[in-house]
Each structure stands twice: as structure tokens, then as C-alpha cells.
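Visitor: Pasting in a structure now, in C-alpha cells, and then I'll have a few things to ask.
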Amino acid sequence: MKLSLMSLTAAAFLSLPALAATTEYELDSTNSVALFSVKHMMVSNVRGTFTKVTGTAHIDEKDLTKSKVEATIDATTVNTNDAKRDEHLRAPDFFDTAKYPTITFKSTKVEKARGGLKVTGNLTLHGVTKPVVLDVEGFTTVSKDPYGNTKRGGSATTKINRKDFGLSWNDVLETGGVAVGEEVTITLDIQMNQKKPAPAATNGAP
């Protein structure tokens, strides 16, 4: 009877799904940046950056498709190397950073793809939330810096139509066409540090 009970217990334990080995990472803001590119005056691309990006990633080491990623961009840090243009981008015509100071992304699905991953998620920009798909490269590489920190990084790109997010301002050119294109290419170059476990609490005993 005891042997039968032990056998049943062991069988039930073995039938439980294995616990996922999840590793938590925190985005390294010093070595991460968000970039964008948009057609300007119908003749060239203007590129800009957001210099403050934060976020976390929960990486399932056994199955990357079960991983989750979140990122927040400080829209007030927009920089296109033109102070007057940057002021306009922060104004209500564009990002309206006084009302919408951040841009956020939260993943909803991760899929393996040739050469990397496809990460689907919700992008919230200018108070509007829309699904986007990020093409991610380099995310599977892990390394350690000279200080013993475990690092991970990669590059993620996507394209959006800015009008879908209420960024509809434009100016008609005398020669035809418009001053600002509608399609925007977004690139995230990110580096993350593995979060270290919190030190064990002591009970105050000598």
C-alpha cells in the first residue's frame, strides 16, 4: 500500500510542468538609445534620438517565446541636433510632451524568427495605443563585463505611420509634397544588466 502511494505521488510530481528558468534583466540606460528616422522635405531622412530609455525583460531561458519585455521612453529627451525643431517636436503639434511625457511598449507575444525574434506588443504614443511588431536581432547573446555583471542586448526595429497615433501635423511645400513624411522607422539599441538577487534579510540575531 505504501509503495503504491509513493508511486502515485512520484507520478503526479513528474506530470507537473517543469518550472521555467526565468531571468530578470534591467535596461542599462547609459548604453541604450531609441532612434527614429522620417522623410524630410521629400528629399532626405532626418534622424533623431530619445536619450533616456528604461525598461525590464523577463527572459525564459528554456523557451524564449515565453519571455516578456517592457520599455519606457522619455519623450522630453528628443534630440535632432536642432534646438528649434526639438522644441516644435515637444509641442502639441507633435509629441505634446507636457501632456504625454512618455512613450511605452509592452510585449504581448514573442516568436522565433530567422536571425532573431519577432516581438509583438502594444506601443503607446501621444495617448494612443496600437499593436506593433519589433524585429529583434542579437537578443540571444549573453556576456559579462569586467565588473561581473551579466549582460544581454540587441537591436529592435519597427515602422509606424505617425498619423495612426494622432501625429498629423504637416506643411505643404511650394514645390509640391509635404514637409514631413508619414512613415517613421523606429530603432531600439539596448543593453541590459541581469538583476542581482536582493540580499537575504537578517533576523537581528547575533
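What follows is calculated from the coordinates using simple rules that are stated; it is not laboratory data. The shown structure was predicted, so the numbers you read here are calculated from the model rather than taken from an experiment. Quick reminder, even Gly has a Cβ in these numbers, built from the backbone with ideal geometry, and neighbours come from all protein chains shown.
Visitor: So, in nm, how far is label Lys195 from label Asn45 when the simple model puts each one 7 Å beyond its Cα toward the Cβ?
Guide: Using points 7 Å along Cα→Cβ, the separation is 3.5 nm.
Visitor: If you average the sequence gap of Cα pairs under 8 Å that are 6 or more apart and divide by the length of region 24-194, what percent do you get for the contact order? Before the final figure, lay out each step's value.
Guide: Numbers: 411 pairs, mean separation 43.2, N = 171.
Normalised by residue count, the contact order of region 24-194 is 25 percent.
Visitor: Can you give the local net charge around Ala21? Use residues other than it whose beta-carbon is closer than 9 angstrom to its beta-carbon, Lys and Arg +1, Asp and Glu -1.
Guide: Numbers: positive: Lys62; negative: Asp60, Glu61.
Net local charge, Ala21 excluded: -1.
Visitor: Let me ask something else. When ranked by the protection proxy of mean other Cβ atoms within 10 Å per residue, highest first, what sequence do the peptides 184-194, 150-160 form? Show your work: numbers first, answer last.
Guide: On the way: 184-194: 19.7, 150-160: 17.5.
With the highest mean Cβ count within 10 Å placed first, the list reads 184-194, 150-160.
Visitor: As an exercise, use a Förster radius of 22 Å and the Cβ-Cβ distance of Lys66 and Lys130 to find the FRET efficiency, rounded to the nearest 0.05. Can you show the working numbers first?
Guide: Details: r = 24 Å, r/R0 = 1.08.
Step by step, r from the Cβ atoms, then E = 0.40.
Visitor: Glu182 to Ser155: FRET efficiency via 1/(1 + (r/R0)^6), r the Cβ-Cβ distance, R0 25 Å, to the nearest 0.05? Could the numbers behind the result be given before it?
Guide: Values: r = 24 Å, r/R0 = 0.95.
With a Förster radius of 25 Å, E is 0.60.
Visitor: Sticking with this one: Determine which lysines satisfy two conditions relative to Lys66: a Cα distance under 19 Å, and not lying fewer than 8 residues away in the same chain.
Guide: Hits, sequence-local ones excluded: Lys106, Lys109, Lys112, Lys118, Lys195.
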